[in-house]
Every structure is written in structure tokens, then in C-alpha cells.
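To keep things clear, I will list the structure first and then write my remarks on it.
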Amino acid sequence: LFAADCAFMWGTAKVAELPPPGAPEIAFAGRSNVGKSSLLNALTNRKGLARASNTPGRTRELNFFALGGPAETAKLRLVDMPGYGYAAASKEKIANWTDLMRDFLRGRAQLLRVFVLVDGRHGVKPIDLEMFDLLDRAAMSYQIVLTKQDEVKKSDQDQRIAETLGALQRRPAAFPEVLFTSSQSGEGVGALRAGIARLLAE
Ligand code: GDP
């Protein structure tokens, strides 16, 4: 699946302009700078797929990518959700973001899971908990993916996973398995691909 073609399909910040249902979808969320663009590139083996940007919060759109065929016949769609937690964002922008997320997550039947990326060096932050709340309220299945594993000491990695699992207790929509990935070394990217393949096979 991930060796197949992957192409940008559609981008929008308006719920009324979301692409109509077609292939199953999985989405990727996370704080600005968490490494989401880099992980999407690593996942799909496409260097420029989600332009790895050092400008936090540049994209305010839901960006759709078709995997394994053109948009109409794709096997899977990847949805790059706009990053959150950009310190300089205005109240209005945050409200717009929250509305877009809420409307997208509700009633998107083909959306199988949201992978929420959390910086492995810092662990879960209050802003991430707000994202988890949103997903729990929408009853949308989500799984945490810790990023930048190459920058976390081996001895700290298990601890970071345990803390993260702790933050997921009593969260009804959270998938109780945490992945640790590095786009730099490729660590954990195969496990993420396997998890996605299992979701599609269900
Ligand atoms: P985004 O804003 O979430 O899309 O984050 P980016 O993918 O643009 O990455 C933000 C910063 O983190 C960049 O400076 C990347 O080089 C760096 N980064 C991303 N992934 C990794 C990783 O796996 N390891 C390390 N060490 N740095 C990473």
C-alpha cells in the first residue's frame, strides 16, 4: 500500500467543501512542529508530500492525499489535519480551528482513526489533552504516536510510553497502544504502517 502512488487530492478549511466519501480515511493531528510533515513523508516515502515546514502552524487546512490510485479509486486517504497549539494564534483562529475539527470529526463515517502525534521529547501537554477531549466527545477512535524517538534516550523511552498510556486512562475513544517513531531513523514507521494495514483489514 505504501509503495503505491500517493498524491495530493484536496485541501480545504471549510466543512462544506470536504471531499465526498470514497476510500477509507485516516487522519494525522498534532501540535505545530511535532514532526507531522516529516512522519507523513516517511510513511509514504514521498519527500515533499506534506512539505516539511519549519514555520509552525502554516497550514490551516485539512489536506487530503490519495494512496494507491487516483482520488476516485484510491485504497486509502490520508488526512493531514492543521497543527494546533501555535503560541501566536489569535482567539478567532483557535475558535475556527476547533469548529473545523469538531465538524470534521462528527459524522465522517469513513474516517477509521486519528493518529495524534505527540513530541516524544516532551510527552503529552495540556493542549494535547484538549485534542483528546475533542476526539472523545466526537467518539472518534484515536491512537497516540510519539515522535522524534532518535532524540530520546533509550532509558527514557519506556517511561515516556508509560506516562502517555497513563494520560489515556478513562478516555473511551483512545486506542490503548502507543507507538514511538522517528522520521529520521525510520524507527517505528513500519509498526505504524502495519497498524494502518490492520485497520483497513478490519
Ligand atoms: P510539523 O510542523 O508537525 O509538520 O513538523 P515538521 O515535520 O515540519 O518537523 C518539525 C521539526 O522537527 C523540523 O525541524 C524537523 O526536522 C524536526 N523533526 C521532525 N521529525 C523528526 C524526527 O523524527 N527526529 C528529529 N530529530 N527531528 C525531527
| note | Sorted by chain and then number, the residues having a modelled amide H within less than 5 Å of the amide H of residue 62, at least 5 places away or on another chain, are 12, 13
| message | So for the range 74-156, averaging the separation of alpha carbon pairs under 8 Å that are six or more residues apart and normalising by length, what relative contact order in percent results? | response | 33 percent
| Computed over the Cα atoms of the range 80-163, what is the ratio Rg over Rh, Rh following Kirkwood? | 1.01
| query | Given Cα pairs under 8 Å that are at least 6 residues apart, what percent is the relative contact order of the range 124-182? | reply | 50 percent
| request: Please tell me the relative contact order of the range 1-151 in percent, rounded to the nearest whole number, where contacts are Cα pairs under 8 Å and at least six residues apart. | output: 30 percent
| message | With θ taken as phi - 60° and the coefficients 6.51, -1.76 and 1.60, list the Karplus ³J(HN,Hα) couplings across the range 177-185 in order, rounded to whole Hz; mark glycine and proline as x. | response | 9, 10, 9, 10, 10, 9, 6, 6, 8
| Rg and Dmax [Cα atoms of the chain; Å; Rg one decimal, Dmax integer] | 15.7, 47
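Throughout, read-outs are computed from the coordinates displayed, never taken from laboratory work. All values derive from a computational prediction rather than experimental measurement.
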